[in-house]
Amino acid sequence: MTMNEHCERPIDELVAYTDGELQAPAHGALEAHLDVCARCAREVDLLRRSGALVAELPGLTPSAGFVDRVVAATADVRRPRGRLLRLLPAAAAAVLIVGLVLARAMRDDRPSDEVALSRAEEREIAQDLFLLENLDALADEDPEALIAIIEDLDLIESVEPEAFGIFDGEEGG
Amino acid sequence: MPDADPDADLMLRFQGGDETAYAELVRRFQGRIVSLAYRYLGSSADAEDLAQEVFLRIYRARETYEPRARFSTWVHRITVNVSLNLIRGRKVRRHLNAAMPRSDGGDGGAVDFEDAGVVAPGDKVEKDELAQVLREILDGLPERQRIAILLNKYQGLSYEETAEAMEMSLSATKSLLTRARVKIKEQLEPYLTTGRAPERRDSSTRDS
């Protein structure tokens, strides 16, 4: 078998081949090529074996009672929560500050059997405001980066487990 | 659609008011979604919280759900969205923490955003050396590449299904998958060609 040092088979074709995703004419042509090109055959072998290792990664078993906890948690999601944080205009810091405060107020607009703002939440507001007051420190970033920062502030809000409710089911359907 | 989709049937039963159908869906998907969340995040710490959020979104979609795609594809799409939000939120939080150290010290109420790649104390899942190496390689991939490769190779979705789950074009998905596969292959190559795990920084194994 001769080693083809200058083989220029596109790598995505080799990957698709190992995944069984290469369609009819290309598939046959590549198989014929693999018979004569040791370099590509070696690549295919490495791709196949490394891909198989990903497939064999161990999973994680949900803890006992996971289903029950999820079902119990559905009692909390029937009440829609504001998507104000998502509607924040992406440009002006001043508007943002108002928006964040309003968003906090919205989150606080919940039945009286739930707690109002905790100390931790208050601290978070302070952190948010501190960041926003220092937004001009970020001004030399490009607009896209700024928008990303703002969106990510929203995300920081949303990833608190107890605030998961502010996610809205926009992927419905 | 000619293919039967019993999961979609369950969702439609849930839509019709059968809450037991919802619980059955959670039961059917819990293992898959918790495992994927674990792999997307690179740690087991928040995997169940993430999976719970996915299932709550399914619950909230009760009124609006339409069986347009396979049910599993739709669930994957939700999982990808929730995961990307969480991963990016963590990244920003790390940047913010680096930029603005807290003066008030520890805060029991704050969410703990552990560094991706750092194994949580309770994380005893990974015993196998190679699995650990592979996990580090996956953690080093950009998140979209990681998610794509896990959907395709770990979850066994076709390119087409992976593209649907990621709401990307087929060609963009192929490109993501190819880049991920090449990186994984390159980093695993020493193991694959010698049969040993890739060399890690351990002075005791050095011969001098």
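Candidates are the residues of segment A:31-79 that are touching a residue at least 24 places away in the same chain (Cβ under 8 Å) and in contact with a Lys or Arg (Cβ under 7 Å, 6 or more places away or on another chain); the one that is surrounded by the fewest Cβ atoms within 10 Å (Cβ to Cβ) is A:H33. Residue-level check: of (1) in contact (Cβ under 8 Å) with a residue 24 or more places away in the chain; (2) facing chain A (nearest Cβ under 8 Å), B:K185 misses just (1).
Going through B:V92, B:V118, B:V133 one at a time, which residue ends up being at pLDDT below 90, hydrophobic (A, V, I, L, M, F, W, C) and in a loop (DSSP other than H, G, I, E, B)? Outline the logic, then answer.
Values: B:V92 fails: in a loop (DSSP other than H, G, I, E, B); B:V133 fails: in a loop (DSSP other than H, G, I, E, B).
After applying the criteria, what remains is B:V118.
Residues in segment B:11-44 that are within 11 Å of chain A (Cβ to nearest Cβ) and outside any helix (DSSP H, G or I) were compared, and the one that is nearest to A:S63 (Cα to Cα) is B:S44. Just one of (1) facing chain A (nearest Cβ under 7 Å); (2) buried (at least 24 other Cβ atoms within 10 Å of the Cβ) fails for B:A148. It is (1).
Checking the condition more than 31 Å from the chain's Cα centre (by Cα) and assigned to a helix (DSSP H, G or I), which residue from A:A52, A:A26 passes? It would help to see each step written out before you state the result.
Numbers: A:A52 fails: more than 31 Å from the chain's Cα centre (by Cα).
Of the residues listed, the single one that is more than 31 Å from the chain's Cα centre (by Cα) and assigned to a helix (DSSP H, G or I) is A:A26.
So that you can scan it fast, the table gives a plain yes or no per residue for (1) within 21 Å of B:L157 (Cβ to Cβ); (2) of a type outside the set (A, V, I, L, M, F, W, C); (3) within 9 Å of another protein chain (Cβ to nearest Cβ):
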site	(1), (2), (3)
B:Y59	no, yes, yes
B:P67	yes, yes, no
B:R77	yes, yes, yes
B:N81	yes, yes, yes
B:R94	no, yes, no
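Only one residue in A:E5, A:E56, A:E21 is of a type outside the set (V, I, T), in contact with a helix residue (DSSP H, G or I) (Cβ under 9 Å, 6 or more places away or on another chain) and at pLDDT 95 or above, so which one is that?
Values: A:E5 fails: at pLDDT 95 or above; A:E56 fails: at pLDDT 95 or above.
Being of a type outside the set (V, I, T), in contact with a helix residue (DSSP H, G or I) (Cβ under 9 Å, 6 or more places away or on another chain) and at pLDDT 95 or above holds for just one of A:E5, A:E56, A:E21, which is A:E21.
The values are calculated or read from the model by the stated rules, or taken from the named source; none is laboratory data. These numbers were taken from a predicted model, which means no experiment stands behind them. We place every Cβ from the backbone using ideal geometry, glycine too, and count neighbours over all the protein chains shown.
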